[in-house]
Amino acid sequence: MTILGCIADDFTGATDLAGLLARSGVSVSLRLGLPESAPDGIADVEVVALKSRMSPVDDAVTETRAALDWLQASGARQFYWKYCSTFDSTATGNIGPVAEALLADLGGAQTIYCPAFPENGRRVFMGNLFVGRQPLAESPMKDHPLTPMQDSDLTRLLAPQLGGAPVGLIDWPTVAKGADAVREALADLSAQGVRHVVTDAVSDADLEVIARATSDLPLLTGGSALARPLPAIWREAGLLDGAATGFQPPVLPKGAVVLSGSCSAMTRAQVAHYKPLAPNYRLDPLALAKDGFAAARDWFAAQDPDAAVLIYASAEPDEVRRAQAELGVARAGDIVEEALAQIARDARASGRARFVVAGGETSGAVARALGVTRLMIGKEIAPGVPWTYAEDSQGALALALKSGNFGAESFFADALAALPPA
């Protein structure tokens with residue numbers, strides 16, 4: 001029986017959410033893209049991963065509504081709109097417009113926005129989002145090539161996306177008083193006609209308070225961490241009985257490939273850490289645009305198929321801006337995704353079955369290139385990043401789909417070491 005239906009705006013966000021829920025002892029099914037088959041009702045949680053973060057607003061809303069229709073058919077009782085814990089968005093969307101569309105379709109009167117993920121250093125205080133000790137607008141996210149975040153106040157970020165509709169705030173002193181205080185504050189805001197409410201959270205205990213206070217709302221929105229307390233609440237309500245058994249990973253061939261398209265500060269550090277450990281090749285979008293993918297594919301074809309290799313396009317912000325200035329923002333990103341997707345196909349054709357992928361857009365491109373539509377969720381490598389498993393005509397394969405900012409500097413090596421040996 002499906003209890004929670006989740007929609008994520010990119011593939012790494014979906015695996016982040018699925019991994020945290022699986023950690024809480026529920027069965028989780030992850031669908032990549034809009035499902036074509038009917039719901040089977042096997043999993044406690046169904047997660048639909050879209051690739052809508054950078055889509056035009058109307059397209060994102062249409063696709064998300066279609067995902068909601070499918071999740072409603074699965075019998076889900078509550079719904080979750082998952083976006084990045086750094087609130088990645090533009091002045092026009094897509095976080096607010098999608099939430100408003102879902103709220104309308106569900107007939108809900110109010111929803112909350114809670115991107116906090118304390119375990120990964122994302123906290124919201126007095127409506128301002130912090131990344132570690134830095135306000136969002138002073139963090140490396142200010143230089144994001146597609147969604148530069150230059151304001152830390154979530155209420156100010158959200159209001160223009162909602163056409164100027166009022167955005168409320170449940171501040172930390174209220175959260176600290178407990179779930180009843182949060183419920184009362186939400187009711188007061190609702191009486192004032194405020195449908196969209198940002199909630200402070202600086203600890204996991206705060207997230208549990210918020211989850212309990214909003215357990216009767218049809219729609220929750222946030223990063224992945226707000227969902228983690230939900231299974232315990234369901235058990236208390238008698239919606240779950242027993243514990244889910246852990247997924248047993250299959251035996252896989254030795255060969256592995258690390259594909260990095262993210263240009264986040266953490267991914268750049270991870271690339272630098274892993275380069276001395278494996279053969280590596282850098283993709284330059286300007287060279288790709290001029291000469292195509294042949295050189296990269298030839299280099300990859302010459303590598304030992306039983307070894308791990310790194311192929312990356314991660315670059316410093318100034319380099320990214322130069323490529324965008326010459327090629328255009330969309331083309332500079334698309335050509336890297338196309339190259340990494342092609343190399344993923346080459347890797348699978350060579351018999352490789354272990355894929356580590358850094359970056360939300362890159363993860364979506366790679367998963368689609370491999371024809372993956374459903375994943376089983378395995379153990380976490382780092383908070384919010386599990387190994388996931390799929391099947392194709394060649395057999396089993398494993399994918400670690402990592403958001404750009406997640407994981408320690410040693411993440412790539414740690415991920416491969418976490419898989420059972422061949």
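The values are calculated or read from the model by the stated rules, or taken from the named source; none is laboratory data. What you see is a predicted model, and the numbers here were worked out from it, not measured in a lab. Reconstructed Cβ throughout: ideal geometry from the backbone, glycine too, with neighbour counts over all protein chains shown. For accessibility, only protein heavy atoms count, side chains too; no ligands or nucleic acids. Shrake-Rupley method; radii C 1.70, N 1.55, O 1.52, S 1.80 Å.
Residues in the stretch 69-109 that are surrounded by fewer than 22 Cβ atoms within 10 Å (Cβ to Cβ) and assigned to a helix (DSSP H, G or I): ASP69, TRP70, GLN72, ALA73, PRO97, GLU100, ALA101, LEU103, ALA104, ASP105, LEU106.
The set of residues in the stretch 384-413 being surrounded by fewer than 19 Cβ atoms within 10 Å (Cβ to Cβ) and either in contact with a Gly (Cβ under 9 Å, 6 or more places away or on another chain) or polar (S, T, N, Q) (or both) consists of ASP392, SER393, GLN394, SER410.
Got a sec? Which of ALA201, ALA187 is open to solvent by less than 20 Å² (accessible area, probe 1.4 Å), at pLDDT 95 or above, of a type outside the set (Phe, Trp, Tyr) and more than 30 Å from GLY328 (Cβ to Cβ)? Can you show your working first?
Details: ALA187 fails: open to solvent by less than 20 Å² (accessible area, probe 1.4 Å).
Of ALA201, ALA187, the one residue that is open to solvent by less than 20 Å² (accessible area, probe 1.4 Å), at pLDDT 95 or above, of a type outside the set (Phe, Trp, Tyr) and more than 30 Å from GLY328 (Cβ to Cβ) is ALA201.
The condition (being open to solvent by 30 Å² or more (accessible area, probe 1.4 Å), under 29 Å from LEU20 (Cβ atoms) and either part of a helix (DSSP H, G or I) or modelled with pLDDT of 95 or more (or both)) is satisfied by just one residue among ARG368, ARG297: ARG368. When the stretch 110-139 is limited to residues that are open to solvent by 60 Å² or more (accessible area, probe 1.4 Å) and in contact (Cβ under 8 Å) with a residue 60 or more places away in the chain, the one that is nearest to GLY19 (Cα to Cα) turns out to be GLU119.
Looking only at the stretch 371-422, filter to residues that are in a strand (DSSP E or B) and of a type in the set (Val, Ile, Thr); which one of those is nearest to the chain's Cα centre (by Cα)?
Filtering the stretch 371-422 for residues in a strand (DSSP E or B) gives 374-382, 385-392, 395-402.
After this cut, where a residue has to be of a type in the set (Val, Ile, Thr) as well, the list is 377, 381, 385, 388.
Values: ILE377: 14, ILE381: 15, VAL385: 9, THR388: 14 Å.
The residue in question is VAL385.
Residues in the stretch 374-383 that are in contact (Cβ under 8 Å) with a residue 40 or more places away in the chain and crowded, with 17+ Cβ neighbours inside 10 Å: LEU375, MET376, ILE377, GLY378, GLU380, PRO383.
Listed by first and then second residue, the pairs with beta-carbon distance under 6 Å, at least 6 apart or on different chains, first residue in the stretch 40-68 and farther than 18 Å from THR362 by Cα and of a type in the set (Ser, Thr, Tyr), second open to solvent by less than 10 Å² (accessible area, probe 1.4 Å) and at pLDDT 95 or above, are THR64/ILE7; THR64/VAL98. Close contacts from the stretch 13-25, counting a first residue that is closer than 16 Å to PRO115 by Cα and a second that is open to solvent by 10 Å² or more (accessible area, probe 1.4 Å) and part of a helix (DSSP H, G or I), with Cβ to Cβ under 8 Å and a gap of 6+ residues or different chains, come to GLY13/GLY360.
Find the helices (runs of 4 or more DSSP H) located wholly in the stretch 165-252 whose residues include 1 or more that are of a type outside the set (Lys, Arg), farther than 24 Å from ALA18 by Cβ and touching a Phe, Trp or Tyr at 6+ places or on another chain (Cβ under 8 Å), and list them. If you could, list the steps in order and put the result at the bottom.
Numbers: elements: 172-176, 179-191, 204-213, 230-236.
Where helices (runs of 4 or more DSSP H) fall fully within the stretch 165-252 and carry at least 1 residues being of a type outside the set (Lys, Arg), farther than 24 Å from ALA18 by Cβ and touching a Phe, Trp or Tyr at 6+ places or on another chain (Cβ under 8 Å), they are 172-176.
Set side by side, the residues GLY193, GLY163 differ, and just one is within 19 Å of ALA109 (Cα to Cα), more than 25 Å from the chain's Cα centre (by Cα) and free of Cβ contacts under 8 Å to residues at least 12 places away in the same chain, which is GLY163.
Among the candidates ALA187, ALA137, single out the residue that is more than 30 Å from GLN324 (Cβ to Cβ) and of a type outside the set (D, E, K, R). Steps first, answer last, please.
On the way: ALA137 fails: more than 30 Å from GLN324 (Cβ to Cβ).
Answer to the selection: ALA187.
Do the conditions hold for LEU158, that is, is it closer than 18 Å to THR92 by Cβ, under 25 Å from the mean Cα position of the chain (by Cα) and open to solvent by 10 Å² or more (accessible area, probe 1.4 Å)? So LEU158 does not fit the description; no.
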